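Before any comments, here is the structure.
The values are calculated or read from the model by the stated rules, or taken from the named source; none is laboratory data. All of these numbers come straight from a predicted model, not from anything done at the bench. Cβ placement follows ideal geometry from the backbone for every residue including glycine, while neighbour counts extend to all protein chains displayed. Side chains are part of the model used for accessible areas, which takes the heavy atoms of the whole protein and leaves out ligands, DNA and RNA. Shrake-Rupley method; radii C 1.70, N 1.55, O 1.52, S 1.80 Å.
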Amino acid sequence: EVNILIWKADEEKRLDELVRKHGHRGTWVTIAHELGTKRPPIRCLETWVRRHHRFLNSNWDAEEEAALKAVVEECGTKNWPAVADAIGQRMEPDGEQKRSAEQCLQRWRVIRNENLTRQWKPADDFLLYMCIHAYGLKAW
């Protein structure tokens, strides 16, 4: 028997908790089973995406990026689900997670790469030339 009734607020909250626990990629059978309300996996996915769609595909604003930088400083880069939860607690009054762990990781990579990018300088050319001259082309 499949549950086709309108979703209740506590059921949606539990769905969000399970998505935070399991992630939003490929675990919908597990999420539907643990939800325990006889919702098919596809309905769980559709409901979650409908509620979070603007965050899944939206650009990061300056406030979110600042929160990401602060949380990564505190938590490090080993536990992205914790980073996503912490950003949700900073950004949302109800503490609800709006960005996935994967989104946080990908945005951090962009921010980090922007900070690493710099122009090649003549001194760099000279240093490279000297290294090639000293070690040859095959000794790298």
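Points to keep in mind about this one:
- Residues of segment 87-99 satisfying the condition of being under 14 Å from residue 17 (Cα atoms) and either part of a helix (DSSP H, G or I) or at pLDDT 90 or above (or both): 88, 89
- Flag for residue 127 being in a helix (DSSP H, G or I), modelled with pLDDT of 80 or more and surrounded by 12 or more Cβ atoms within 10 Å (Cβ to Cβ): no
Let's see how each residue does on (1) open to solvent by 70 Å² or more (accessible area, probe 1.4 Å); (2) charged (D, E, K, R):
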site	(1), (2)
21	yes, yes
32	no, no
38	yes, yes
42	yes, no
47	no, no
50	yes, yes
68	no, no
84	no, no
